[in-house]
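Peer 1: Have a look at this one before I ask anything.
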Amino acid sequence: TQARIGVTGLAVMGANLARNLARHGHVVAVHNRSQYRTKTLVEEFGHEGEFVPCETPQELVAALERPRRILIMVKAGVPTDAVIEEFAPLLEPGDMLVDGGNAHFLDTRRREAALRERGIHFVGAGVSGGEEGALLGPSIMPGGSAESYAALGPLLEDIAAKVDGVPCCTHIGPDGAGHFVKMVHNGIEYADMQLIAEAYDLLRQGLGMSPAELADVFAEWNRGELSSYLIEITAEVLRQVDAPTGKPFVDVVADRAEQKGTGRWTVQIALDLGVPVSGIAEAVFARATSGAVELRQAARGLPGPTPHTTGPAREAQAGTDFVEDVRQALYASKIVAYAQGFDQIRAGSAEYGWNVDPGALATIWRGGCIIRAVFLDRIREAYEAARTPATLLVAPYFTDALAVAQDAWRRVVARAVELGIPAPGFSSALAYYDALRAERLPAALIQGQRDFFGAHTYRRIDREGVFHVFWSGDRMEIEG
Ligand code: NBP
């Protein structure tokens with residue numbers, strides 16, 4: 001039998017995707033640079049479906065029906081280029097190479113253009129959901145030509161997660177579109193995790209609640225509008241007790257957050273596009289701050305309030321339900337972070353001519369991926385409405401949610417400042433909200449400063465044209 005698809009790169013992600021394909025009844029040809037991985041996969045999981053083990057790229061190519069579909073699941077970067085160079089000369093026009101790794105979308109654009117010249121479809125596919133998602137159903141974001149999606153889409157949709165029977169996989173757009181949206185997905189994931197961490201910190205330090213009590217709070221929140229995978233696993237992590245010490249697990253983990261780079265890429269590209277993604281940027285910087293060991297050591301004794309942990313008494317004193325306030329602040333900040341992420345996707349899509357459908361994207365992020373949440377159904381609805389909102393903040397559902405949440409949101413940010421608990425995600429989200437809704441911004445003053453020192457000119461509110469004041473002379477306005 002000819003295999004329907006080949007997978008090369010059988011570390012955890014590739015092996016699990018190959019098994020997922022086989023479990024769905026597709027014959028899968030499998031290959032890995034080091035042959036032991038191929039052998040292990042077939043020995044351990046051969047009973048799950050039909051695998052064709054291949055020792056060389058030539059064997060893999062020979063095992064496939066035409067047009068050939070080869071999924072590359074190797075380490076992103078140089079290894080991906082090496083594998084493409086190994087396979088491309090063995091392929092024929094119309095064949096498809098799919099990169100399911102975490103590639104930078106600019107690399108994907110470069111690779112797609114080069115392979116198109118050789119008649120080969122190159123599909124950069126974002127895959128989210130980690131190891132478990134790869135095996136049980138990930139969210140898949142394939143870019144590339146419409147023609148390649150016609151040949152590949154049904155297979156990918158088959159192995160993707162399903163929500164209400166709808167597969168979490170859709171054609172995102174040409175060339176790098178799939179990897180671009182995967183990048184922003186990860187950026188949003190960073191922001192969401194940071195906001196959850198701030199909520200935890202405010203309740204832990206501000207109210208003196210224990211990790212076990214907070215596990216209950218997050219489990220409760222997971223039953224409402226915040227219901228999501230990240231909230232669910234937060235409750236699990238907080239409930240975990242470290243076996244050797246008997247302490248809460250979260251108290252024995254070093255407080256330095258690491259990163260592999262997709263959050264940083266999101267912010268770098270947002271800077272290039274001029275899109276304010278302050279929530280994602282704050283999340284990336286917060287991880288960097290946590291890891292700045294020397295700075296933190298040097299600054300530890302600086303004066304400021306020390307959060308008191310006097311327990312529920314503080315809550316009674318304040319006369320408000322601080323736990324509910326924090327929940328509202330988290331929800332509002334999360335709306336802002338997602339609105340910013342979708343705004344970056346809109347800007348990228350316009351810049352590169354991808355025509356990404358934000359509603360379709362929200363639909364495929366409802367399941368399989370790390371940011372899966374009930375909330376994404378609301379985003380889908382907002383983008384499927386007759387008029388596409390300029391920002392999610394003005395979609396009626398979210399406008400109402402922000403109106404309900406904002407008193408609590410302001411109280412929480414003010415409280416964080418008073419208590420000396422850093423909440424950059426909450427406070428920058430609120431600042432963004434207030435900036436967007438402001439009648440006037442102090443940018444007018446900045447324009448004045450720029451004109452003063454650099455003759456950079458300014459525009460007026462009452463007349464068309466470009467103006468400059470002769471600051472060093474008679475200070476009269478000149479129309480330029
Ligand atoms: P790794 O990212 O750890 O890569 C290991 C694989 O790359 C092995 O199969 C290895 O072959 C192969 N490889 C390397 Br390294 N250099 C190679 C070369 N020059 N030529 C051929 N093969 C080479 O695997 P992973 O964690 O399964 O991730 C695969 C991709 O999926 C990555 O791009 C990753 O960013 C992405 N991803 C991962 C996750 C996740 O949760 N882990 C989620 C979503 C996406 P060998 O066995 O011979 O060394």
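Peer 1: When Pro248 is evaluated against the numbered criteria (1) open to solvent by 60 Å² or more (accessible area, probe 1.4 Å); (2) more than 21 Å from Ser427 (Cα to Cα); (3) at pLDDT 95 or above; (4) not hydrophobic (A, V, I, L, M, F, W, C), which criterion, by number, is the only one it fails?
Peer 2: Only one criterion in (1) open to solvent by 60 Å² or more (accessible area, probe 1.4 Å); (2) more than 21 Å from Ser427 (Cα to Cα); (3) at pLDDT 95 or above; (4) not hydrophobic (A, V, I, L, M, F, W, C) is unmet by Pro248, namely (1).
Peer 1: Find all pairs meeting these conditions: Cβ atoms under 6 angstrom apart; at least six residues apart or on different chains; first residue within region 121-139 and under 14 Å from Ala15 (Cβ atoms); second residue within 10 Å of the ligand (Cβ to nearest atom) and open to solvent by 10 Å² or more (accessible area, probe 1.4 Å).
Peer 2: Filtered contacts from region 121-139: Glu131/Val12; Glu131/Asn16; Ala134/Met13; Ala134/Asn16; Leu135/Asn16; Pro138/Val127; Pro138/Gly129.
Peer 1: Identify, by number, the condition in (1) open to solvent by less than 40 Å² (accessible area, probe 1.4 Å); (2) in contact with a Gly (Cβ under 6 Å, 6 or more places away or on another chain) that Gly206 doesn't meet.
Peer 2: (2)
Matching residues to (1) within 9 Å of the ligand (Cβ to nearest atom); (2) under 25 Å from Ser128 (Cβ atoms); (3) more than 32 Å from the chain's Cα centre (by Cα):
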{"position": "Ala18", "(1), (2), (3)": "no, yes, no"}
{"position": "Leu21", "(1), (2), (3)": "no, yes, no"}
{"position": "Val28", "(1), (2), (3)": "no, yes, no"}
{"position": "Gln35", "(1), (2), (3)": "yes, no, yes"}
{"position": "Glu43", "(1), (2), (3)": "no, no, yes"}
{"position": "Gly49", "(1), (2), (3)": "no, yes, yes"}
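Peer 1: I've got another one for you. Taking interchain pairs and intrachain pairs at least six residues apart, which have beta carbon atoms under 8 angstrom, with the first residue in region 262-273 and within 12 Å of His104 (Cα to Cα) and the second modelled with pLDDT of 95 or more and acidic (Asp, Glu)?
Peer 2: Gly263/Glu189
Peer 1: Kindly list, by first and then second residue, each pair from a residue in region 37-57 that is of a type in the set (Phe, Trp, Tyr) to a residue that is within 12 Å of the ligand (Cβ to nearest atom) and not in a loop (DSSP other than H, G, I, E, B), limited to pairs with Cβ atoms under 9 Å and residues at least 6 apart or on different chains.
Peer 2: Phe45/Ala15; Phe45/Ala18; Phe51/Ala18; Phe51/Val30; Phe51/Thr38; Phe51/Leu41
Peer 1: Another question, then. Out of Glu464, Glu384, Glu439, report the one residue that is in contact with a helix residue (DSSP H, G or I) (Cβ under 8 Å, 6 or more places away or on another chain), without any contact (Cβ under 8 Å) to a residue 40 or more places away in the chain and charged (D, E, K, R).
Peer 2: Glu384
Peer 1: Can you find a residue that is in contact with a Gly (Cβ under 9 Å, 6 or more places away or on another chain) and either buried (at least 19 other Cβ atoms within 10 Å of the Cβ) or modelled with pLDDT of 95 or more (or both) anywhere in region 390-406?
Peer 2: Taking every residue of region 390-406 in turn, none turns out to be in contact with a Gly (Cβ under 9 Å, 6 or more places away or on another chain) and either buried (at least 19 other Cβ atoms within 10 Å of the Cβ) or modelled with pLDDT of 95 or more (or both).
Peer 1: Would you mention how many residues in region 68-114 are touching a residue at least 24 places away in the same chain (Cβ under 8 Å) and away from the ligand (no atom under 16 Å from the Cβ)?
Peer 2: Residues meeting the conditions: 11.
Peer 1: Asp201 versus (1) open to solvent by 30 Å² or more (accessible area, probe 1.4 Å); (2) within 15 Å of the ligand (Cβ to nearest atom): which is the lone unmet condition?
Peer 2: (2)
Peer 1: Mind listing whichever residues of region 152-166 are more than 26 Å from Asp343 (Cβ to Cβ) and open to solvent by 30 Å² or more (accessible area, probe 1.4 Å)?
Peer 2: Of everything in region 152-166, those that are more than 26 Å from Asp343 (Cβ to Cβ) and open to solvent by 30 Å² or more (accessible area, probe 1.4 Å) turn out to be Pro154, Glu157, Asp158, Lys162, Asp164, Gly165.
Peer 1: Let me ask another. Residue by residue through region 101-140, note down the ones that are more than 22 Å from Gly367 (Cα to Cα) and hydrophobic (A, V, I, L, M, F, W, C).
Peer 2: Phe105, Leu106, Ala113, Ala114, Leu115, Ile120, Phe122, listed by residue number.
Peer 1: Also: Given the criterion free of Cβ contacts under 8 Å to residues at least 60 places away in the same chain, at negative phi and open to solvent by less than 50 Å² (accessible area, probe 1.4 Å), identify the matching residue among Leu430, Leu376, Leu361.
Peer 2: None of the other options fit; the residue is Leu376.
Peer 1: If you check Glu258, Glu315, Glu294, Glu324, which single one turns out to be at pLDDT below 95 and surrounded by fewer than 18 Cβ atoms within 10 Å (Cβ to Cβ)?
Peer 2: Within the list Glu258, Glu315, Glu294, Glu324, the selection yields Glu258.
Peer 1: Tally time: how many residues in region 1-26 are open to solvent by 20 Å² or more (accessible area, probe 1.4 Å) and among the hydroxyl-bearing types (Ser, Thr, Tyr)?
Peer 2: Summing the residues that are open to solvent by 20 Å² or more (accessible area, probe 1.4 Å) and among the hydroxyl-bearing types (Ser, Thr, Tyr) in region 1-26 gives 1.
Peer 1: Within region 132-142, is there a residue that is more than 10 Å from the ligand (Cβ to nearest atom) and either open to solvent by 40 Å² or more (accessible area, probe 1.4 Å) or at pLDDT below 95 (or both)?
Peer 2: yes
Peer 1: Next question. Does region 430-443 contain any residue that is modelled with pLDDT of 95 or more and in contact with a Lys or Arg (Cβ under 8 Å, 6 or more places away or on another chain)?
Peer 2: Looking for residues that are modelled with pLDDT of 95 or more and in contact with a Lys or Arg (Cβ under 8 Å, 6 or more places away or on another chain), one finds at least one in region 430-443, hence yes.
Peer 1: For region 332-346, how many residues are open to solvent by less than 20 Å² (accessible area, probe 1.4 Å) and within 28 Å of Ala146 (Cβ to Cβ)?
Peer 2: Result for region 332-346: 5.
Peer 1: Within region 451-473, is even one residue open to solvent by less than 50 Å² (accessible area, probe 1.4 Å), closer than 30 Å to Ala414 by Cβ and assigned to a loop (DSSP other than H, G, I, E, B)?
Peer 2: No, every residue in region 451-473 fails to be open to solvent by less than 50 Å² (accessible area, probe 1.4 Å), closer than 30 Å to Ala414 by Cβ and assigned to a loop (DSSP other than H, G, I, E, B).
The values are calculated or read from the model by the stated rules, or taken from the named source; none is laboratory data. This is a predicted model, so every value here is computed, not measured. Please note: Cβ atoms are built from the backbone with ideal geometry, for glycine as well, and neighbour counts cover all protein chains shown. Accessible surface areas use protein heavy atoms only, side chains included; no ligands, DNA or RNA. Shrake-Rupley method; radii C 1.70, N 1.55, O 1.52, S 1.80 Å.
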